Amino acid sequence: MSEIRPVGISRVRKPSRLRHLNYNKLIIKEKNMKFLSSSLLALALIVGGIATPAFAEDHAPLFVNLTTDDPHRANMGISFGKNQLERGHPLTIFLNDKSVLIGSQENAAQFADHQKVLGELVEKGATVLICPMCMKHYGVKEADLLPGLQVGNPELTGGALFKDNTRTLTW
């Protein structure tokens, strides 16, 4: 005669000793995997923390895209570039849009401090490029440019911008 059970309730069998041992092995393996995963994550974080300072010393080139004639914003971009040049990063400052006005000797009264720093940067090896289209748009003549500034072209500007590992910032 068969056993009558309510629908949805199955007979629960006691695990055999063999099943119990296999279950314990599975639990132990799971705990070992969690420990291994946690250990690898900790190791990766430690190694990452050690390696980060090495990348800070890589002296990657910096390309500062300066688009403003606002004295404060322009000073921020130029000063940031100057600080990185002093830390060994090759520096290119690209004067475009309204910042071409900073590169013109015609505006020496308004941008005297900026022009002084740009000149010092060029003397220390920085490259300062100026956008020819923007010069034309804002009426800046090549003869009026500060000494050491170079009128950009696709090869010159692109060469600086796309040099390996170059970092870019815009003000």
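Here, each number is a calculation from the coordinates, and none is a lab measurement. Just so we're clear, the structure is a prediction, and the values are computed from it rather than from any experiment. Note that each Cβ is placed from the backbone with ideal geometry, even for glycine, and that neighbours are counted across all protein chains shown.
Here are some notes:
- Filtered by the rule that a residue be in contact (Cβ under 8 Å) with a residue 40 or more places away in the chain and closer than 23 Å to residue 153 by Cβ, the range 100-123 gives 100, 103, 104, 105, 118, 121.
- Residue that is farthest from residue 76 (Cα to Cα) [pool: residues in the range 154-171 that are in contact with a helix residue (DSSP H, G or I) (Cβ under 8 Å, 6 or more places away or on another chain) and not polar (S, T, N, Q)]: 169
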